[in-house]
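Heads up: the structure comes next, in structure tokens.
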Amino acid sequence: MPLSDVSSLLPLLVAIPLTGAIFSVLINSKHGQVLTGLLAALSLALVIGVILLGLPSDGLQSTAVFRYPIAGWEAPLGIALSLDGFSALLLTLTTFLVTVLTFYSAYYFSASPARVRFWPLWWLLVAGINALFLSADIFNVYVTLEIIGLAAVALVALSGNKAGLTAALRYLLVGLLGSLCYLMAVALLYHVYGTLDFAQLAAEAESNPLSWSALVLITVGLVLKTALVPLHFWLPHAHGSAPAPVSAILSALVVKASFYLLVRFWMEILAPAVTNGALILLGILGGLAILWGCIQALRATRLKLMVAYSTVAQIGYLFLLFPLLMSAEGTSAAQLAVQHQSALAAVSYFIVAHACAKAAMFIAAGNIIHSLGHDDIAKLQGMAKYMPLSLFTFAIAGGSLIGLPPSAGFIAKWLLLNVAIDTQQWWWVVIILTGGLLAALAIFRVLDLAFIKSEQASEQVAPAHWRKVPVAMPLSGLALALCTMALGFNADLIIDLITIGGGE
Amino acid sequence: MFNNLTLGRSAQHKADLPVGVLFMVALAIAAACLFLTMALIDFGPAEQPLVTLVASHLEQSGVENPVTAVLLNFRSYDTLLEVAVLLIVALAVMPANSEQSKVRFISVLVPTERSFVLEAFLRWLLPAIVVTSGYLLWTGAALPGGAFQAGALLAGAGILLLLAGHHSFNFNASAARLLLVVGLAVFLLVGAAVILSSGIALAYPQAWAGILILVIEVAATLTIAAILVLLFCALQVEAPRANYEGLIKEERP
Amino acid sequence: MTQAMLYAVFGIVLFGVGLFGALAIAHVMKKLLAINICGVGVFMVFIANASSGVAADYVPHAMVLTGIVVAVAGTAMALSLVVRINTLEQQEEDA
């Protein structure tokens, strides 16, 4: 049974990073590892490009889902990979960010002894993320979750200081507990439905006590991994103390991976077990996350910690998806499908916008630490003179996080507001706008210090321990920040992609 | 709940959560477990469609042990990723100094304390362990056994060797790094090579399935053994000095 | 209640006990042990359910084997972090 279409390329998305990991263990010279990294990133980009070109372009009419039965065994006996618009979007995002961050890491780790272990772990993490977005098997997803979790912890621990190791340990314990909750749900679902395949489960799932239990366990486990308030306690320190490229991928992709799974379970696999009350509860937690994350970002004294708290807030926006899925009385199935599509499109847009902006911000913060040796916000006064590119990047990415036009963040919030108004849930509008305002306060606090010369700044000389960073480092951050702008002008691309195969 | 992690030696052992909170947590978990139990009992036993599916496809899998068939043929992708998980942990615990990559994998030491009984015993035991491990690997095709059991046993041999004090392992050596990835690399290579014949990754041609599974398992055994020994080395710490000194004082009054 | 069901129920109890321990105890090593107990509970539910039918189901056996390896990996990683933090603390005290 040879597969000739797009499907036959799917395993490459996992195999390439795994091969990259193997080679960066075997050839652990500096240039060998960087070369391996660039080759792997390039081939990933090539494969995803071919896949995107092979996707049907007729948008809404198509409900194609590409499947690849690994080892030739069809589900339920075997494991299948599958690809639809939502996962294609996330895979594209992953490839893009990984390419930029690989380039950045080549410079970031050039002088660090952590390099030897960074590269193989980096490619294993990428393999895990790709495998998760492709998987169509709930147990296989557990293994990919563990790959992501363990690789992320190992990468956080690369910082090697006590704060970093403690954050890594806490992250690991939380991750293990979350995975076990998920695994318990897998045991229940397999017992009840006799299959592990996404599509087969979705076809058979019904609303019964075991399905509810499974949904609750999955949600608790994955919300723990996604760091939704009140289970966010591990995130700021883990993301705040990791090396910059690691923080970037953790905030941009790793938390999104578990969110992606939540969306799969709530919208497709266990959709019959979902109740309106549960949807509202997730929405309320999301709203709380926005406010709490923004307030903590305002109070943070370290730049990276501030950016990490902003991630907590941005995760809150993602969870506003759930209340927007609620069906009002008297809506037809077709209307509901359209509502689901537009809510999912808005949130996907949000994911992309946040991923680019947040990666750019962590890169900028990483450059600042690289130059100054610290990221104390109070000591950043007048620093724009010394590192204009990094702070400019920070400003553009910040604009996208606040939601200023014409950035992608603005479009994402606009789409979200539209759905909220369409479904007559105006209270989310208030929260979204307040969140934007608070984010603006936090970001302008930094920019104000950095750009505006105060009276004392005139007597300030170049800071001590000043190290110049290679110009490629701020440039890769700037490229990401400019992407958030470019995406603001090309919203259709993403919205078209998300509708492929996203049929209910 | 996760904000104050206390480690073993800290004298100021931080108190656990307040009793009221503990009680609430216990109550919530108990209620959830009770609900789960009731739901499970209410649902009762289930006949799984996969039982017959596995049985009817066993002949095509190349092995006779159904668990091995699931692990290395029907759901081989899970096992591939699982070897990747082990590699992650190996990399995470690996000693950080990479300058040692020129030092040989196994170097011979002169032990500070010799135990002749252990040495004589090991001369008998080590070959036996290696042979038994090979047997476990081979028998995995038909009976319980396989790469993980064989690898764990082999790792036991490595740890005994280490404890005897005549040898030390350097996992930054090229040979060691090759051992760490050989399982994953062979698995990937076989998975990719079979595309030539069947057109699908990891889909072994039926006639070759048995031998290919054995090849993968041999490589996986080596990797698993190496990684487990590495874990042992990495977690081996000297006893806390304070206690150690205390012990000596007590012994010599 | 069949024997398999009894095992499943005790699996759930172990899961609950482990969960409580992981949340309630501050000491890292005990927390780690609790998480492992939690895992054992999950594996027991898998195995008990696999034997509840007429013939044994081998797929959960394979899943539990995978799960055990992953649990060992996670535990080893946590222990290595604990060891490293401990070493750093010791150095701080000495300094």
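Here r is the Cβ-Cβ distance between A:TRP466 and B:ARG104 and R0 is 56 Å; the resulting FRET efficiency, rounded to 0.05, is 0.85.
Distance between the pseudo-spin-label points of A:ALA271 and A:ASN490 (7 Å out from Cα toward the beta carbon): 3.1 nm.
If r is the Cβ-Cβ distance from B:ALA26 to A:TRP427 and R0 is 25 Å, what FRET efficiency results, to the nearest 0.05? According to the calculation, E is roughly 0.10. Shielding value for B:132-139 is 0, the average number of Cβ atoms from other chains within 10 Å of each residue's Cβ. Angle check, please: helix A:472-489 long axis (alpha carbons) against the longest principal axis of chain A (alpha carbons), in degrees 0 to 90, nearest 10. Value to nearest ten degrees: 50. Can you work out the FRET efficiency for the pair B:VAL131 and A:GLU74, with r the C-beta to C-beta distance and R0 = 56 Å, to the nearest 0.05? About 0.90, to the nearest 0.05.
For a modelled paramagnetic label at C:TYR7, 7 Å from Cα along Cα-to-Cβ, the residues of region C:29-49 in reach, with backbone nitrogen under 11 Å, are C:44-49.
Mean per-residue shielding of peptide B:180-186 is 4, counting Cβ atoms of other chains within 10 Å of each Cβ. For the pair region A:115-177 and region B:29-92, the centres of their Cα atoms are 22 angstrom apart.
Taking 23 Å as the limit for the C-alpha separation, the pairs A:LYS256/A:LYS468; A:LYS225/C:LYS31; A:LYS225/A:LYS358; A:LYS256/A:LYS413; A:LYS30/A:LYS468; A:LYS304/C:LYS31 exceed it in the case of A:LYS256/A:LYS468; A:LYS304/C:LYS31. Taking the helices alone, chain A has a mean residue ellipticity at 222 nm of -23500 deg cm²/dmol, built from -39,500 (n - 2.57) per DSSP H run of at least 4 residues and averaged over all its residues. Relative to the longest principal axis of the Cα atoms of chain A, helix A:276-299 runs at roughly 10 degrees. By the count of neighbouring beta-carbon atoms within 10 Å, fewest first, A:ILE377, A:ILE16 end up ordered A:ILE377, A:ILE16. The sum of -39500 (n - 2.57) across all DSSP H runs of n ≥ 4, divided by the residue count of chain C, sets its helix-only mean residue ellipticity at 222 nm to -31000 deg cm²/dmol. Relative to its residue count, the protein assembly as shown spans a Cα convex hull of 179 Å³ per residue. Look at the alpha carbon pairs under 8 Å that are at least 6 residues apart: their mean separation over the length of region B:45-202 gives a relative contact order of 29 percent.
Approximating the spin labels as points 7 Å out from Cα along Cα→Cβ, the B:ALA193-to-A:GLU206 distance works out to 4.9 nm. Residue exposure proxy: C:ASP57, A:ASP84, A:ASP5, ordered by other Cβ atoms within 10 angstrom of their Cβ from fewest to most, comes out as A:ASP5, A:ASP84, C:ASP57. Give, as ranges by residue number, the residues of region A:401-436 whose backbone N falls under 12 Å from the point 7 Å along Cα→Cβ of A:LEU298. The answer is A:434-436, whose backbone nitrogens lie closer than 12 Å to the label point. Among A:358-370, A:417-429, A:235-247, sorting by the average number of other beta carbon atoms lying within 10 angstrom of each residue, highest first, gives A:358-370, A:235-247, A:417-429.
Per-residue ellipticity at 222 nm from helix content only, as computed over chain B with -39500 (n - 2.57) for each DSSP H run of at least four residues, stands at -21500 deg cm²/dmol. Screening chain B for whole DSSP H helices with an alpha carbon extent of at least 20 angstrom along the helix axis and a mean Kyte-Doolittle hydropathy of at least -0.5 yields B:19-43, B:76-93, B:116-139, B:147-164, B:174-193, B:209-235. Over chain A, what is the relative contact order in whole percent, taking alpha-carbon pairs under 8 Å and six or more residues apart? Rounded, it is 16 percent for chain A. The alpha carbons of chain B give a radius of gyration and a Dmax of 24.4, 76 Å, in that order.
Each 5 Å bin, from zero up to the one with the longest distance, holds this percent of the alpha carbon pairs of region A:40-187: 2, 9, 14, 17, 18, 16, 12, 8, 4, 1, 0.
By the count of other C-beta atoms within 10 Å, a proxy for reagent exposure, A:ARG445, B:ARG75 are ordered fewest to most as A:ARG445, B:ARG75.
Helix C:58-94 against the longest principal axis of chain C: what's the angle in degrees, Cα atoms only, rounded to the nearest 10? That helix lies at roughly 10 degrees to the long axis.
Any read-out appearing in this document is the output of simple, stated calculations on the displayed coordinates, not a laboratory observation. What you are looking at is a predicted structure, and each value in this text was computed from that prediction instead of being measured. So basically every Cβ, Gly included, is an ideal-geometry build from the backbone, and we count neighbours across all protein chains shown.
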